[in-house]
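Presented below is the structure to which this report refers.
The values are calculated or read from the model by the stated rules, or taken from the named source; none is laboratory data. Nothing here was measured: the structure is a model prediction, and the numbers come from that model. Here the Cβ is made from the backbone with ideal geometry for all residues, glycine too, and neighbour counts use every protein chain on show. Heads up: the accessible areas ignore ligands, DNA and RNA and are worked out on the full protein's heavy atoms, side chains in. Shrake-Rupley method; radii C 1.70, N 1.55, O 1.52, S 1.80 Å.
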Amino acid sequence: HWQCTDICSSMADFGSFGGSYYPDGSYGSHLYRWGPPPEEEGVLSLIWSLLSWLAVPAVLLLLAWLALPFLDWRTTLGRPLEASIARTSFQVAPGGLVPPAWQAPEVTLSVVIPAYNEERRLPQMLSETLAYLESRAAASLGRFSFEIIVVDDGSTDGTFSAASYPLQRTSVDAADPRRSGQLRQGDLRVLDSRQNRGKGFAVRAGVLTARGQWILMVDADGATNIRDLERLEAAARAAPQRPPSIVFGSRYGLNAPPRPVKSANRSPHRAALTWLFQTIVGSLMGGTAVKDTQCGFKLFPAMVGKHLFASLHIYRWAFDVELVLLCKILGVNIVEVPVTWVEMPGSKLNLLSGAASMLRDILLVRILYAFSLWGPAL
């Protein structure tokens, strides 16, 4: 839109000179400039002022969102785990929730199950897990013992009651030890977090309170067959003891391209996002040989697992990626084993918001570890 105006004393605001004849026949000079007519300038100025006014709070909100994992970690720094636990299904002395490092393991295996609003899916998974572990303990003639630790991550439904149900059920046999809150074999312990802090925090709480020689992390949805524990145990026995090793279950074969060992109704968009996420993880973490960081089926020697989770800073979905980085720093070997896995309905992870949060957390981990603001616990 070209706009003509008379010569002004200041020429800095205008574009180029021109001349023309006026209606009275005289010749005069004028200037041309590029821009909207005056009536539109007011509207554009108002819009620009509004955008400028909104820019500051928008930037502040973005910075707060980026710093959220760091601030979340700071709220727990220096506080005992008991301060974050509202109740337990078992009696514990003050300060006795986390066993001291020097205490010898009391059982062979601790199974840690993080659960958030899992009232519907947890009972079947817990029933199958108990059936397998109890039968294995009974057949071992005392060589195998276990405990199951369910950590309710501040659920708003009946997850705590569902997890405690095996301890509450009444048996016909009055001599059945379950009448006194005990299982036939093993032990079941339920912790209830004061608020929802994330899957990573729930697993961390379970690992730190575990009393087993080995610690198995397993998701509450039952997507992985509990019998695949034997595959992880075999891989752990075969792995060298120096450096120490942990075993990750993998939903994919270990030959490229990755594909699920077994999958039921795996949605294409979820599979594509998983592949994209693992690609980004490999790029941001400077390369990693782990093909599936997010499978919720992992086995740790107790001392190694407790050190890793005591060092954890990310409390939500991306905590597995920080574990991989910690293993790299501490020289812990990661062995991957394909497991039987079935996609279960009812996932709590929103793909879009979850993916954005996970990428933010990974970037934050990369930056804070690079500047030595975060690091392994001493």
- Identify, please: which residue in the stretch 145-161 is open to solvent by less than 20 Å² (accessible area, probe 1.4 Å) and of a type in the set (A, V, I, L, M, F, W, C) and is, among those, nearest to residue 195 (Cα to Cα)? 151
- Failed item, numbered, when residue 309 is tested on (1) open to solvent by less than 40 Å² (accessible area, probe 1.4 Å); (2) within 29 Å of residue 124 (Cβ to Cβ); (3) assigned to a loop (DSSP other than H, G, I, E, B): (3)
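Rundown of residues vs (1) of a type in the set (Val, Ile, Thr); (2) modelled with pLDDT of 95 or more; (3) out of contact with any His (no Cβ under 6 Å at 6 or more places or on another chain); (4) closer than 20 Å to residue 223 by Cβ, yes/no style:
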residue	(1), (2), (3), (4)
96	no, no, yes, no
100	no, no, yes, no
132	no, yes, yes, yes
143	no, no, yes, no
146	no, yes, yes, no
153	no, yes, yes, yes
164	no, no, yes, no
172	yes, no, yes, no
- A careful count of residues in the stretch 111-155 that are under 28 Å from residue 319 (Cα atoms) and assigned to a loop (DSSP other than H, G, I, E, B) gives 9
